[in-house]
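Working notes, structure below.
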Amino acid sequence: MTTESTPTDLAPDAPTRAGYVALIGAPNAGKSTLMNALVGEHLSIVTPKAQTTWRKVAGILTEEGSQLVFIDTPGLLNPGDLLQRVLLSEARQAIRDADLLLVVLDPTQPLSDTDAAQLVQALQEHDRPLHVVVNKKDLVSPDRLEALSRWAEETFNVPARAISALKGDGLPELLTELRAALPESPFFFPDDEIATDPVRFFVGEMVRETVFENFHQEIPYSIFTQVGEFRQGDDARRTFIEVTIFVERRSQKGILIGEGGGAIRELGTRAREKVEHFLGEPVYLELWVKVLPGWRKKRPHLKRLGFSVPDEDERH
């Protein structure tokens, strides 16, 4: 996926820097909001609900002779079912693959002892340069901000930077810090790319994000989206996109469709508006709802949906 490249003032013979930066933290710490703000594009799902990032999402920022590849990861949590084990495995893999680790802490939701232990353990297992930010600085008192920053500095032995991903406070300074820590390296991607995933991946995520916005209780966590046909349009025709929404139970299918199909029509309208804004062109979005019983807990179903499922005896 590409966008307009940003010219730099880098001298022709100056070395470039590049690296992968994994955003790590508990669910709902603001990792997705932060990555979107740093890259300048809405790439990762953002909703008030926790644990909405289910796949690693990469956003690329290339400027000032450096290329930062940010990896938004699922929140570190104590897994309760197979899907959550898969999400934890995704986050741990991102830590293993990263050049830099960026821990995102949320002062509005204190870490439980279990979440704190999960975070500390995951980071202790791998020797990577570590940076820590306390997000949402605009939403808490200075005392609460200072207390969490002090805990982070004592726990991770690095300074903690207070930021607001939503308002952009502290982000220029954070970027300067991260660029300086990157290893010297050629760029991994062309300097006009902003994401590593194909467009169809983001279309599926936009539909899933809209489900989180339109529905409540267990419904958003019981669905997954898969893009089928994606037929590019021309001057006379709209781009045609078919997306299947998988649910666990027949009753959930009924809720998604709604009385007389009203709920699915509203979902399709809102999702289509997002996709059209993202692609910059009109689209025809067709949604299908199918039951895949207990897909969150069944290995074959998760593999069918594209998840990398850890071995049965893998717990860490």
Looking at this structure, is ALA162 small (Gly, Ala, Ser) and surrounded by 15 or more Cβ atoms within 10 Å (Cβ to Cβ)? yes
Selection from region 270-297 of residues in contact with a Ser or Thr (Cβ under 6 Å, 6 or more places away or on another chain) and open to solvent by 70 Å² or more (accessible area, probe 1.4 Å) yields ARG270, TRP288, LYS290
So, in region 131-159, of the ones that are at pLDDT 95 or above and closer than 21 Å to GLY19 by Cα, which residue ends up surrounded by the most Cβ atoms within 10 Å (Cβ to Cβ)? VAL133
Scanning region 14-28 for residues that are touching a strand residue (DSSP E or B) at 6+ places or on another chain (Cβ under 6 Å) and assigned to a loop (DSSP other than H, G, I, E, B), the one surrounded by the fewest Cβ atoms within 10 Å (Cβ to Cβ) turns out to be PRO15
Please indicate, with yes or no, whether at least one residue in region 210-218 is modelled with pLDDT of 90 or more and open to solvent by 30 Å² or more (accessible area, probe 1.4 Å). yes
Does region 226-233 contain at least one residue that is without any contact (Cβ under 8 Å) to a residue 12 or more places away in the chain and farther than 28 Å from LYS298 by Cα? yes
Is it the case that LEU305 is at pLDDT 95 or above and open to solvent by less than 60 Å² (accessible area, probe 1.4 Å)? no
Verdict on PHE230 being at pLDDT below 95, aromatic (Phe, Trp, Tyr), closer than 30 Å to GLU281 by Cα and within 18 Å of the chain's Cα centre (by Cα): no
Looking only at region 220-268, count how many residues are in contact with a Pro (Cβ under 9 Å, 6 or more places away or on another chain), open to solvent by 60 Å² or more (accessible area, probe 1.4 Å) and under 22 Å from GLN51 (Cα atoms). 1
Selection within region 66-109 - over 13 Å from the mean Cα position of the chain (by Cα), open to solvent by less than 20 Å² (accessible area, probe 1.4 Å) and among the hydroxyl-bearing types (Ser, Thr, Tyr): SER66
Report yes if some residue within region 168-179 is surrounded by fewer than 17 Cβ atoms within 10 Å (Cβ to Cβ) and of a type in the set (Val, Ile, Thr); otherwise report no. yes
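The values are calculated or read from the model by the stated rules, or taken from the named source; none is laboratory data. Remember, it's a predicted structure, so these values are computed and weren't measured experimentally. All Cβ positions, even for glycine, are placed from backbone atoms using ideal geometry, and neighbour counts span all protein chains on display. Accessible surface areas use protein heavy atoms only, side chains included; no ligands, DNA or RNA. Shrake-Rupley method; radii C 1.70, N 1.55, O 1.52, S 1.80 Å.
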